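Working notes, beginning with the structure itself.
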Amino acid sequence: MDSSLIYLDNAATSWPKPPEVVQAMASFIAESGGNPGRSGHRLSLAAGRVVYQAREELADFFGLDDPLRLVFTANVTEAINLALYGLLRSGDHVIASSMEHNAVMRPLRHLQREGVHLSFAPCGMDGHVSLAHVEKLLKTQTRLVVVNHASNVTGTIQPIAEIGALCREHNTLFLVDAAQTAGVLPINIEELQIDLLAFTGHKGLLGPTGTGGLLLGERVPFEEMKLLVRGGTGSRSEYEEQPEFLPDRFESGTPNSIGLAGLLAGLQFIKSHALDALREQETSQLARLIIGLSNLPNVRLFGPRDPSRQVPVVSFTLDGMRVSDIGFRLDEEYGILCRPGLQCSPAAHRTLGTFPHGTVRLSPGPFTKDREIESVLEAVERLSAELL
Amino acid sequence: MSQYGVVLFSGTQAALRAEKLLERVGQVVKLIPTPRHLSSDCGVALRFSWAEQNEVVNTLDRARLAYETIAILDG
């Protein structure tokens, strides 16, 4: 690991990973290398137990009673696609926020061409969706409300519990895109009244890429959901039809068991360090970033600018310098790794007025050090001074 | 020699869930290849001591974990 690098791109993928994650993946491939759920011999069962353990601990972490209602996917995008294509039919109405990522927008735009009706609840300049807007858009044909729990552009945390309550009142299903919040904010789907939670394993949960999943709450009619993939499950092999039961209905083909071993270790790391403690450290660094950047000339800061209302994601621009140049120079001259541009979220940038150029995004993680935040502020100050 | 019973589940992840639930309440269980005379499924089944049948069923019911078949295992 190059310790001179300052990695502030945890919203894209967390790095570094805890050593326990690396160790768990190495041990898995060395010791439990069977195909989970296929053969029934001891190495197959050892692999199956790791996959099940990850399923059970993640279900428990998110407040889902029945671990078998947690379906593993390759990433949060696949989980969102499974939910949207699984549930929505021509004539259905969907409400999304105007801060959605393309993981939601692109399937929705495609479904729109198939006859699904879309409404977007507008968000303020801070990225916050108003509850009144969502309520106004709800109608009897509304099948689903989908909301990005926290924006990957501004970090804005949406009022999930309130939207969840609204959806129950109107008997509408509620899908939450937890790409930026799983492992960062506490999420209990019972308490927040979330019906479908899509998460990724490689960001806040500190696991490897290639892991994610969809939680199917009790109100979700999974038997009616269309499938993205069919194939071998290791179960009901005598039938050439896909099994109906969970999780096999949605989990065809050999799963990413090595990745899930790593994800389990990432989750255990978070549990052992307590989410609250990690959040406290990230919040204080976020506050320092917000204050530091706000004080610099030529800097425009986007989002709530309030650490209690955002996950550790900050977006800024410098008047007079292209965001691509800022990103390149931070990397080349200072070893600071960030993400310039649209961050796969054109809708969010339209909301913020930063389309099509985008912003520079800084996203600290659990391993970011206070002195690294100071180095970033010094570097941006130097860039900003060139423009005076 | 004590007699064994066997529980068949819809899939392997359900069988693994049962294994954990039962081990947590102190049952001695083992996952074995599904006996071919009970099902042509190529997955695993959960073997338990037949004397513990009530406790096994109650534990699975409490967790609302559905199973396909429960049977006495010969030999």
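The values are calculated or read from the model by the stated rules, or taken from the named source; none is laboratory data. Values in this document were obtained by computation on a predicted structure and should not be read as measured data. Neighbour counts run over all protein chains shown; Cβ positions are idealised from the backbone, glycine included. Areas reflect the complete protein model, heavy atoms only, side chains present, ligands, DNA and RNA absent. Shrake-Rupley method; radii C 1.70, N 1.55, O 1.52, S 1.80 Å.
Key figures for this structure:
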{"item": "Odd one out for A:Asn256 among (1) more than 21 Å from B:Ala15 (Cα to Cα); (2) open to solvent by 60 Å² or more (accessible area, probe 1.4 Å)", "result": "(1)"}
{"item": "Residue that is farthest from the other protein chains (Cβ to nearest Cβ) [pool: residues in the stretch B:4-39 that are open to solvent by less than 20 Å² (accessible area, probe 1.4 Å) and assigned to a strand (DSSP E or B)]", "result": "B:Gly5"}
{"item": "Every pair of residues 6+ apart whose Cβ atoms lie under 6 Å, when the first sits in the stretch A:226-238 and is more than 7 Å from chain B (Cβ to nearest Cβ) while the second is aromatic (Phe, Trp, Tyr)", "result": "A:Lys226/A:Tyr85"}
{"item": "Residue check, A:Val76 touching a strand residue (DSSP E or B) at 6+ places or on another chain (Cβ under 8 Å), touching a residue at least 60 places away in the same chain (Cβ under 8 Å) and either buried (at least 22 other Cβ atoms within 10 Å of the Cβ) or in the same structural domain as A:Gln343 (by TED's automatic domain parsing) (or both)", "result": "yes"}
{"item": "Hey, A:Glu223 within 14 Å of another protein chain (Cβ to nearest Cβ), open to solvent by 20 Å² or more (accessible area, probe 1.4 Å), in a helix (DSSP H, G or I) and at pLDDT 95 or above or not", "result": "yes"}
{"item": "Members of the stretch A:307-335 found to be at positive phi and charged (D, E, K, R), listed by number", "result": "none"}
{"item": "Boolean, A:Glu57 is among the charged types (D, E, K, R), surrounded by fewer than 24 Cβ atoms within 10 Å (Cβ to Cβ) and within 21 Å of the chain's Cα centre (by Cα)", "result": "yes"}
{"item": "In the stretch A:134-144, residue least open to solvent (accessible area, probe 1.4 Å) [restricted to those that are farther than 12 Å from A:Val94 by Cβ and of a type in the set (D, E, K, R)]", "result": "A:Glu135"}
{"item": "Within the stretch B:40-57, considering residues that are touching a Leu at 6+ places or on another chain (Cβ under 8 Å) and more than 16 Å from A:Arg38 (Cβ to Cβ), the one farthest from the other protein chains (Cβ to nearest Cβ)", "result": "B:Trp50"}
{"item": "Residue in the stretch A:266-286 that is among the hydrophobic types (A, V, I, L, M, F, W, C), away from chain B (no Cβ under 14 Å) and open to solvent by 30 Å² or more (accessible area, probe 1.4 Å) present", "result": "yes"}
{"item": "Residue among A:Arg249, A:Arg230 that is open to solvent by less than 40 Å² (accessible area, probe 1.4 Å) and either outside any loop (DSSP other than H, G, I, E, B) or over 17 Å from A:Val51 (Cβ atoms) (or both)", "result": "A:Arg249"}
{"item": "Condition check for A:Gly34: more than 10 Å from every other protein chain (Cβ to nearest Cβ), open to solvent by less than 20 Å² (accessible area, probe 1.4 Å), at pLDDT below 95 and more than 13 Å from A:Gly259 (Cα to Cα)", "result": "yes"}
{"item": "Residues located in the stretch B:43-62, provided they are buried (at least 17 other Cβ atoms within 10 Å of the Cβ) and closer than 22 Å to A:Arg49 by Cα", "result": "B:Gly43, B:Val44, B:Ala45, B:Leu46, B:Arg47, B:Phe48, B:Val56, B:Thr59, B:Leu60"}
{"item": "Complete set of residues in the stretch A:90-109 that are in contact with a Lys or Arg (Cβ under 7 Å, 6 or more places away or on another chain) and among the charged types (D, E, K, R)", "result": "A:Asp92"}
{"item": "All strands (runs of 3 or more DSSP E) inside the stretch A:44-156 with 2 or more residues being within 14 Å of another protein chain (Cβ to nearest Cβ)", "result": "A:70-73"}
{"item": "Residue under evaluation A:Cys344, criteria (1) surrounded by fewer than 21 Cβ atoms within 10 Å (Cβ to Cβ); (2) at pLDDT 95 or above; (3) not aliphatic (A, V, I, L, M), criterion not met", "result": "(2)"}
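Here is a yes/no grid of residues against (1) more than 21 Å from A:Arg309 (Cβ to Cβ); (2) more than 22 Å from the chain's Cα centre (by Cα); (3) in contact (Cβ under 8 Å) with a residue 12 or more places away in the chain; (4) open to solvent by less than 50 Å² (accessible area, probe 1.4 Å):
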site: A:Ser98; (1), (2), (3), (4): no, no, yes, yes
site: A:Ala121; (1), (2), (3), (4): no, no, yes, yes
site: A:Gly127; (1), (2), (3), (4): no, no, yes, yes
site: A:Ala132; (1), (2), (3), (4): no, yes, no, no
site: A:Ser151; (1), (2), (3), (4): no, no, yes, yes
site: A:Thr154; (1), (2), (3), (4): no, no, yes, yes
site: A:Ala161; (1), (2), (3), (4): no, no, yes, yes
site: A:Ala165; (1), (2), (3), (4): no, no, yes, yes
site: A:Pro186; (1), (2), (3), (4): no, no, yes, no
